[in-house]
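Computed from the coordinates by the stated procedures, all read-outs in this text should not be read as laboratory data. The structure displayed is predicted, hence computed values, not measured ones. Here Cβ is always computed from backbone atoms with ideal geometry, including for glycine, and neighbour counts include all displayed protein chains.
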Amino acid sequence: MNPSPDLESLIAFYHDLTPESIARFSAFYSPDAYFKDPFNEVRGVEAIQGIFTHMFRQVDRPRFVVTERVVDAGGAMLVWEFCYRVRLWGRGETQIMRGVSHLKFDAEGKVCYHRDYWDAAEELYGKLPVLGGMMRCLRRVFSA
């Protein structure tokens, strides 16, 4: 496997992601690419596009910002921040979720494996109005 010869273009794609640019995933991902995050596990470009289409329906002003990268011969780890506003909460404040994407590339330099790691308890559940209070209470009980 080779690292993507155009990792910078992939990062720029995510930085500038829009509902219209979702159609360009096939320029960066292999047809049978695997994707997994805390809520989804799919295979194939169309299924991956579906996840990001759903994201744009659920949140306002989503934006990915890659803050660090580690690249080797087999792939890359991208540290990112995801900024968004939750439509269901009716609040205008921007939320920030932090995570890491583990990417592997095929012989053509396209992503064939994409696994996102982020803490759903801290980054999402803890920010919910009622559940967040319970999560903070549990954190106090279990922290040393």
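The tail of the calculated P(r) for the stretch 5-49 beyond 16 Å holds 42 percent of all Cα-Cα pairs. Distances between placed amide hydrogens fall under 5 Å for residue 109 paired with 2, all partners being 5 or more residues away or on another chain. Backbone geometry of the stretch 18-28 corresponds, through the Karplus equation with coefficients 6.51, -1.76 and 1.60 at θ = phi - 60°, to 3J(HN,Hα) couplings of 9, x, 6, 7, 4, 4, 8, 3, 5, 6, 10 Hz, x marking Gly and Pro. The HN-Hα couplings worked out from phi for the stretch 11-17 by the Karplus form 6.51 cos²θ - 1.76 cosθ + 1.60 (θ = phi - 60°) are 4, 4, 4, 5, 4, 9, 4 Hz, whole numbers, x standing for Gly and Pro. Spacing of the modelled spin labels on residue 6 and residue 86, each 7 Å from Cα toward Cβ, amounts to 3.7 nm.
Treating each Cα of the stretch 7-118 as one equal point scatterer and applying the Debye formula with no solvent, the log10 of I(q)/I(0) at q = 0.12, 0.21 Å⁻¹ comes out as -0.40, -1.28. Relative contact order of the stretch 7-118, taken over Cα pairs closer than 8 Å and 6 or more residues apart, is 26 percent.
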